[in-house]
1. Look through the range 32-57, keep the residues that are part of a loop (DSSP other than H, G, I, E, B), of a type in the set (G, A, S) and within 20 Å of A8 (Cβ to Cβ), and return whichever of them is modelled with the highest pLDDT.
2. I want to confirm something. Restricting to the range 60-81 and keeping residues that are touching a Lys or Arg at 6+ places or on another chain (Cβ under 8 Å) and among the small types (G, A, S), which single residue is surrounded by the most Cβ atoms within 10 Å (Cβ to Cβ)?
3. Does any residue in the range 80-101 that is in contact (Cβ under 8 Å) with a residue 60 or more places away in the chain come within less than 7 Å, Cβ to Cβ, of a residue that is in a loop (DSSP other than H, G, I, E, B) and not β-branched (V, I, T) six or more places away or on a different chain, and which pairs are these?
4. Testing M6 on (1) within 29 Å of T117 (Cβ to Cβ); (2) within 12 Å of the chain's Cα centre (by Cα); (3) outside any helix (DSSP H, G or I), one condition comes back false. Which one is that?
5. Given the conditions (1) closer than 26 Å to T117 by Cα; (2) of a type outside the set (S, T, Y); (3) touching a Gly at 6+ places or on another chain (Cβ under 8 Å), which single one is not true for R17?
6. Give me the residue from the range 2-31 that is free of Cβ contacts under 8 Å to residues at least 60 places away in the same chain and closer than 15 Å to T83 by Cβ and, out of that set, surrounded by the fewest Cβ atoms within 10 Å (Cβ to Cβ).
7. Tell me, which residue of the range 58-73 that is assigned to a helix (DSSP H, G or I) and hydrophobic (A, V, I, L, M, F, W, C) is nearest to D91 (Cα to Cα)?
8. Looking at the range 82-93, which of its residues are surrounded by fewer than 16 Cβ atoms within 10 Å (Cβ to Cβ) and not in a loop (DSSP other than H, G, I, E, B)?
Amino acid sequence: MTRDQMLAYCLAKPGARLDQPWEGDEVVKVGSRIFAFLGCAGGDDPTVGVKCGPSREAADEWLHRHPDDARPSPYIGRAGWNTLRLAGGIDDEELTEAVDASYDAVVAKLPRRERPTG
């Protein structure tokens with residue numbers, strides 16, 4: 001999966017919008033919260049950072065299944081976030097399922113007024 005394909009998939013989610021909170025970094029938000037970090041805008045190794053579980057222990061399943069293509073996300077990894085390589089050994093269906101789960105987890109924590117309708 002390419003970075004552009006992943007970005008398009010993320011932006012197709014209800015209420016999703018692109019943001020650039022830090023120079024050179026793009027994230028996709030729903031309401032006021034990030035559900036996907038898109039790495040390497042111009043790089044050779046595109047990634048997506050997503051919420052892979054409610055805890056580090058749950059998110060570690062990804063590290064065991066994909067040791068070459070998944071790693072804890074810097075700074076927020078302890079909260080269950082992983083960085084997944086898009087051009088590695090994780091198939092496209094599994095990547096989109098990870099984005100779906102991250103989106104659902106973030107939406108569930110949003111205040112009702114920020115949740116997308118539809």
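The values are calculated or read from the model by the stated rules, or taken from the named source; none is laboratory data. Predicted model, so just to flag it, every value in this text is computed and none were measured. As a convention, Cβ positions derive from the backbone with ideal geometry for all residues, glycine included, and neighbour counts pool all protein chains shown.
1. For the range 32-57, the residue satisfying everything is G43.
2. For the range 60-81, the residue satisfying everything is A70.
3. Pairs found: L86/M1; L86/P46; A87/D45; A87/P46; D92/M1; L95/M1; L95/L86.
4. (3)
5. With (1) closer than 26 Å to T117 by Cα; (2) of a type outside the set (S, T, Y); (3) touching a Gly at 6+ places or on another chain (Cβ under 8 Å) applied to R17, the lone miss is (3).
6. The qualifying residue surrounded by the fewest Cβ atoms within 10 Å (Cβ to Cβ) is D25.
7. So the residue we want is W62.
8. D92, E93
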